[in-house]
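Worksheet: one structure, shown below.
The values are calculated or read from the model by the stated rules, or taken from the named source; none is laboratory data. What you are looking at is a predicted structure, and each value in this text was computed from that prediction instead of being measured. Every residue, glycine among them, receives a Cβ derived from its backbone with ideal geometry; neighbour counts consider all protein chains shown.
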Amino acid sequence: MERELKFLLASPHLPALPHGYVAGAAQPTLHVLDEYLDYRGQILGAGWRLRRRRSDGEAVRYTLKSERNPGASGPLSERIEIERTPGAQEELPGEISAMLTRAGVNMPQLLSHLQSYLTLRQERQPIALSHGAEEIALLSVDTVRASGSATEEECRWSELEIEFLDTVSSETRNRAASELAEWLATQAGVTPAGQSKAARAAELLSIPL
């Protein structure tokens with residue numbers, strides 16, 4: 001399960017954090033290429049999004065994400081996430097293929113025609129976030145450029161993501177999410193984001209999802 005807070009930024013800089021929350025040293029900037037894949041909306045129609053990611057020094061990874069939890073509101077997003085690197089003889093990681101098959105997707109047809117409909121290029125500045133002595137999340141400031149396969153248009157924006165670690169207790173996570181969301185919503189140049197990057201890009205580029 002992916003649990004994260006998302007905020008739009010007027011400029012690609014880390015805003016001030018509330019008392020008790022400490023950002024670690026900035027890690028090297030990552031250059032990330034994300035391609036969202038489908039064929040005739042089969043994956044989207046089944047309630048999922050499929051992403052292929054290439055980033056500095058890492059193997060290609062495929063990520064299958066569910067739609068945002070309908071009960072979620074504001075900047076907090078909770079989604080089922082399966083992220084895997086394919087085996088040597090796999091077109092898609094087996095666990096992802098199995099999940100899409102269970103969702104009713106025609107996998108032989110999909111694999112024969114899988115294509116990109118949306119591309120995101122990101123410069124990502126990752127930073128560890130701690131509360132007290134406990135590391136609770138990975139914070140990142142992302143500069144995003146998005147383009148679609150059917151248009152020459154491009155859109156850009158900056159975003160702050162705070163993804164909570166799986167090792168953090170639900171009580172700690174919920175308290176931190178509430179405190180951070182309340183604080184950041186009052187900071188100049190920071191706006192709660194209720195969409196994923198893919199959904200925002202599709203809206204700005206008028207790509208039907």
Identity of the residue in the stretch 1-47, touching a strand residue (DSSP E or B) at 6+ places or on another chain (Cβ under 8 Å) and in a helix (DSSP H, G or I), that ends up surrounded by the fewest Cβ atoms within 10 Å (Cβ to Cβ): L44
Has the stretch 68-77 got any residue that is part of a strand (DSSP E or B) and out of contact with any helix residue (DSSP H, G or I) (no Cβ under 9 Å at 6 or more places or on another chain)? yes
Suppose the filter is exposed (fewer than 14 other Cβ atoms within 10 Å of the Cβ), under 19 Å from the mean Cα position of the chain (by Cα) and modelled with pLDDT of 95 or more; does V60 pass it? yes
Would the stretch 16-28 turn up any residue that is under 26 Å from L139 (Cβ atoms), without any contact (Cβ under 8 Å) to a residue 24 or more places away in the chain and among the β-branched types (V, I, T)? no
Can you find a residue in the stretch 113-120 that is under 21 Å from L5 (Cα atoms), surrounded by 12 or more Cβ atoms within 10 Å (Cβ to Cβ) and in contact (Cβ under 8 Å) with a residue 40 or more places away in the chain? yes
Can you find a residue in the stretch 4-11 that is farther than 21 Å from E159 by Cα and under 19 Å from the mean Cα position of the chain (by Cα)? no
Looking only at residues that are over 23 Å from R52 (Cβ atoms), over 18 Å from the mean Cα position of the chain (by Cα) and of a type in the set (V, I, T) in the stretch 122-181, which one is surrounded by the fewest Cβ atoms within 10 Å (Cβ to Cβ)? T167
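Does L100 qualify as being in a strand (DSSP E or B), at negative phi and touching a helix residue (DSSP H, G or I) at 6+ places or on another chain (Cβ under 7 Å)?
Numbers: in a strand (DSSP E or B): no; at negative phi: yes; touching a helix residue (DSSP H, G or I) at 6+ places or on another chain (Cβ under 7 Å): yes.
When the stated conditions are applied, L100 does not pass them.
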Considering the stretch 182-202, residues that are touching a Pro at 6+ places or on another chain (Cβ under 7 Å) and buried (at least 17 other Cβ atoms within 10 Å of the Cβ), and then whichever is nearest to D34 (Cα to Cα), we arrive at A193
From the list E152, E179, exactly one residue is in contact (Cβ under 8 Å) with a residue 12 or more places away in the chain and not aliphatic (A, V, I, L, M). Which is it? E179
